[in-house]
1. Between residue 156 and residue 138, what is the spin-label point distance in nm, taking each point 7 Å from the Cα along the Cα→C-beta axis?
2. In what sequence do 46, 33, 116 fall when counting other Cβ within 10 Å, fewest first?
3. Taking other Cβ within 10 Å of each residue's Cβ, how do 178, 198, 122 sort, fewest first?
4. Shape call for the stretch 3-216 from the C-alpha gyration tensor, a ≥ b ≥ c root eigenvalues: rounded (a/c under 1.5), prolate (a/b greater than b/c) or oblate?
5. Calculated FRET efficiency, residue 42 and residue 86, Cβ-Cβ r, R0 25 Å, to nearest 0.05?
6. For a footprinting-style exposure proxy, rank 196, 127, 203 by other Cβ within 10 Å, fewest first.
7. By the gyration tensor of its Cα atoms, with a ≥ b ≥ c the square roots of the eigenvalues, what is the shape of the stretch 98-221: rounded for a/c under 1.5, prolate for a/b over b/c, or oblate?
8. Which three numbers, in whole Å and largest first, are the semi-axes of the equivalent ellipsoid of the stretch 19-97 derived from its Cα gyration tensor as √(5λ)?
């Protein structure tokens with residue numbers, strides 16, 4: 001790689017590192033927000049989200065090896081809903097970048113598993129969720145240590161409903177925006193959207209909103 005191209009790539013990766021660090025794993029009642037990029041090391045994140053009258057509050061973490069060929073993330077938290085018990089939500093996800101390690105444009109594929117537990121879970125509630133999808137993203141450096149990225153994902157979701165309702169499959173979409181506030185702190189805003197289903201169907205329905213604050217461990221050095 002010519003020296004000027006190497007310099008540009010290094011600046012892009014360094015300044016936009018936060019934009020590759022999506023720690024939130026898919027859980028019932030939360031949006032699937034997956035950036036296309038991965039950067040080495042550890043990221044911690046706090047997430048809040050809302051879908052269909054349920055609110056979720058989650059702590060998550062992500063890790064990618066030095067070569068950043070993949071990123072593994074996981075999280076756990078609580079979900080509240082009016083007239084329902086507070087439940088535990090949890091999930092894991094694997095993201096595999098395909099292109100974009102040293103460029104503005106990136107693409108990845110991902111899959112995960114999320115679950116809900118606690119209290120009686122009837123057929124109107126998604127008990128577990130398996131999202132399978134792909135992401136296309138664009139990132140841009142802002143100064144020496146900040147950046148911004150926007151990305152979109154078509155997602156196929158396999159939902160297991162409570163009771164004896166079995167599974168339901170739906171197609172959904174998601175759009176996210178990541179902002180690097182400092183070299184170590186970033187913020188995310190995003191939505192997941194899809195067909196509005198009968199509230200009693202147990203299928204993911206309508207629009208889910210999510211926001212997060214992330215910290216790259218060692219990112220300020």
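1. Simple spin-label model gives 2.8 nm for this pair.
2. On the way: 46 17, 33 27, 116 24.
Listed from fewest to most nearby Cβ atoms, that is 46, 116, 33.
3. Working: 178 27, 198 9, 122 14.
The fewest-first ordering by Cβ neighbours comes to 198, 122, 178.
4. On the way: a/c = 2.37, a/b = 2.04, b/c = 1.16.
Verdict is prolate for the stretch 3-216.
5. 0.30
6. With the fewest neighbours first, 196, 127, 203 line up as 196, 127, 203.
7. Working: a/c = 2.69, a/b = 2.09, b/c = 1.28.
Note, shape of the stretch 98-221 comes out prolate.
8. Numbers: eigenvalues 141, 22, 15 Å².
Here the semi-axes work out to 27, 10, 9 Å.
Where a number appears in this text, it was derived from the coordinates with a stated rule and is not lab data. Computed from a predicted model, the values in this text were never measured in an experiment. Note that each Cβ is placed from the backbone with ideal geometry, even for glycine, and that neighbours are counted across all protein chains shown.
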